[in-house]
1. Out of all the residues in the stretch 28-59, which are at negative phi and not in a helix (DSSP H, G or I)?
2. Give 220, 209, 227 a once-over and let me know the one that is surrounded by fewer than 21 Cβ atoms within 10 Å (Cβ to Cβ) and closer than 21 Å to residue 435 by Cβ.
3. Do we find that residue 106 is away from the ligand (no atom under 15 Å from the Cβ), within 22 Å of residue 224 (Cβ to Cβ) and in the same structural domain as residue 314 (by TED's automatic domain parsing) in this structure?
4. Please count how many residues of the stretch 315-329 are free of Cβ contacts under 8 Å to residues at least 12 places away in the same chain and touching a helix residue (DSSP H, G or I) at 6+ places or on another chain (Cβ under 8 Å).
5. Looking at the stretch 124-139, can you tell me whether even one residue there is of a type in the set (S, T, N, Q) and out of contact with any helix residue (DSSP H, G or I) (no Cβ under 7 Å at 6 or more places or on another chain)?
6. Looking at the stretch 344-398 only, could you name the residues that are among the polar types (S, T, N, Q) and within 17 Å of residue 117 (Cβ to Cβ)?
7. Can you name the residue in the stretch 350-370 that is surrounded by fewer than 22 Cβ atoms within 10 Å (Cβ to Cβ) and not in a helix (DSSP H, G or I) and is also nearest to the chain's Cα centre (by Cα) among such residues?
8. Tell me, please, whether a residue that is of a type in the set (S, T, N, Q) and surrounded by fewer than 20 Cβ atoms within 10 Å (Cβ to Cβ) can be found in the stretch 65-83.
Amino acid sequence: MRMYDIITKKKHNEELTNEEITWMIEGFVKGDIPDYQMSAFMMAVYFNGMTDEEMTNLTMAMAKSGDMVDLSAIEGIKVDKHSTGGVGDKTTLVVAPIVAACGVKVAKMSGKGLGHTGGTIDKLESIPGYNTTIGREEFFDIVNKTGLSVIGQSGNIAPADKKLYALRDVTATVDSVPLIASSIMSKKLASGSDCILLDVKMGSGAFMKTEEDAYLLAEKMVEIGNKAGRKVAALITDMDIPLGNAIGNSLEVIEAVNTLKGQGPEDLTDICIELATHMLLLADKGDIDTCREMVKDAIKSGKALEKLALMVEAHGGNAEYIRNTELFDKAQHTMEVKASKSGYIASINTEQCGIASVVLEAGRETKESLIDYSAGIVLKKKVGDYVNQGDTIAVLYTNNCNKLEGACKILEDSCKIREVQPEKRPIILRIINKFLKS
Ligand code: URA
């Protein structure tokens with residue numbers, strides 16, 4: 001087989017066989033296929049797409065390029081959740097403890113922040129002592145004892161994706177449905193859970209800018225997962241405004257804790273309840289109303305919050321920070337972003353909010369950058385709110401005062417104020433769940 005012929009076939013929009021795809025991925029991981037040929041191939045996929053069969057074969061080849069984690073040492077059904085990435089997305093910190101409090105195990109591997117989007121691992125590492133790099137035996141042990149564990153993804157989960165993603169990032173081939181679907185699903189299938197709930201984001205802060213594209217991506221990922229024998233469902237959710245009010249690591253942990261106390265922002269609370277409900281549905285805990293009641297009860301009773309504290313403790317973290325969030329360090333410098341005129345907030349560009357939080361050092365400019373865990377943004381107003389000129393729209397936090405002016409300008413530019421109140425949009429836009437019982 002020759003890579004040249006595989007590129008030519010894709011260029012002419014011909015279907016590749018499983019043997020060709022597997023040979024290509026194995027060769028790329030071994031280093032036999034150079035980056036320039038793989039880049040040409042991915043650009044051909046970007047323009048010509050892939051058939052469902054090709055996409056499934058590519059996903060499986062990528063998943064099998066490293067460890068396929070066997071979670072059978074953990075008793076019961078294991079449910080995973082994955083968000084396609086957003087700004088202010090701290091749902092895992094809320095949803096995983098809720099689901100565990102309802103008796104379903106969550107053994108989850110998460111990532112660090114990517115570009116303008118935050119990552120669960122950075123948020124967890126903002127809790128003093130929390131170790132995200134424990135070994136597999138300890139991971140299984142914690143899930144068996146507490147019902148949940150969230151750790152960093154080990155280097156050998158889908159190594160083909162790691163190499164491909166780095167190349168896509170610099171060859172303008174990230175935003176391709178078959179490439180995103182295979183990238184995400186290869187890691188999820190390799191991570192071993194029985195059921196997977198996908199939170200596919202759409203809007204100005206997401207990879208998918210329109211509902212149609214997000215639906216197409218969700219449909220493909222669900223199909224790939226179900227074909228691989230897992231129970232997979234997806235919610236398509238709004239990322240046209242940041243989720244909740246807090247952006248930045250410890251600020252988001254605090255907001256997640258407040259949400260588990262039943263005192264979170266409405267959009268974050270609503271989305272977490274629906275995500276947890278669909279995870280319980282996948283785990284066969286009952287019909288949708290029963291599952292939703294179980295979720296609400298886990299919050300009201302305080303059981304979900306206690307699960308988060310237990311997980312933090314099991315990972316060597318100081319659970320006192322969960323019980324009393326006043327203990328988190330506060331950033332030394334703050335600045336208020338003011339409304340430039342009176343009117344309704346018509347839009348806030350979410351990607352720009354993410355970029356402003358990176359400027360404040362809540363995220364990484366380069367892979368080597370150190371994160372300021374207390375840095376970030378707290379939004380005081382959201383889309384649809386009325387502001388008078390000079391009202392505070394957001395508060396910026398950082399330990400590097402040189403960063404405040406730049407971040408403030410980005411945020412001011414990202415916020416559009418108009419005379420007419422915009423229509424309220426639902427946070428859950430569509431649901432793909434063939435296991436839904438009502
Ligand atoms: N997240 C991933 O893991 N892969 C993509 O391609 C996009 C988002």
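1. Once the filter is applied, which keeps residues that are at negative phi and not in a helix (DSSP H, G or I), the stretch 28-59 yields 32, 33, 34, 50, 51.
2. Exactly one residue qualifies, and that residue is 227.
3. For residue 106, the condition - away from the ligand (no atom under 15 Å from the Cβ), within 22 Å of residue 224 (Cβ to Cβ) and in the same structural domain as residue 314 (by TED's automatic domain parsing) - is met.
4. Counting residues in the stretch 315-329 that are free of Cβ contacts under 8 Å to residues at least 12 places away in the same chain and touching a helix residue (DSSP H, G or I) at 6+ places or on another chain (Cβ under 8 Å) gives 3.
5. The answer is yes; a qualifying residue exists.
6. 349, 350, 352, 357, 366, 369
7. Ranking the candidates gives 364 first.
8. Yes; the residues of the stretch 65-83 include at least one that is of a type in the set (S, T, N, Q) and surrounded by fewer than 20 Cβ atoms within 10 Å (Cβ to Cβ).
The values are calculated or read from the model by the stated rules, or taken from the named source; none is laboratory data. Predicted, not measured: the structure shown is a model, and the values here were computed from it. All Cβ positions, even for glycine, are placed from backbone atoms using ideal geometry, and neighbour counts span all protein chains on display.
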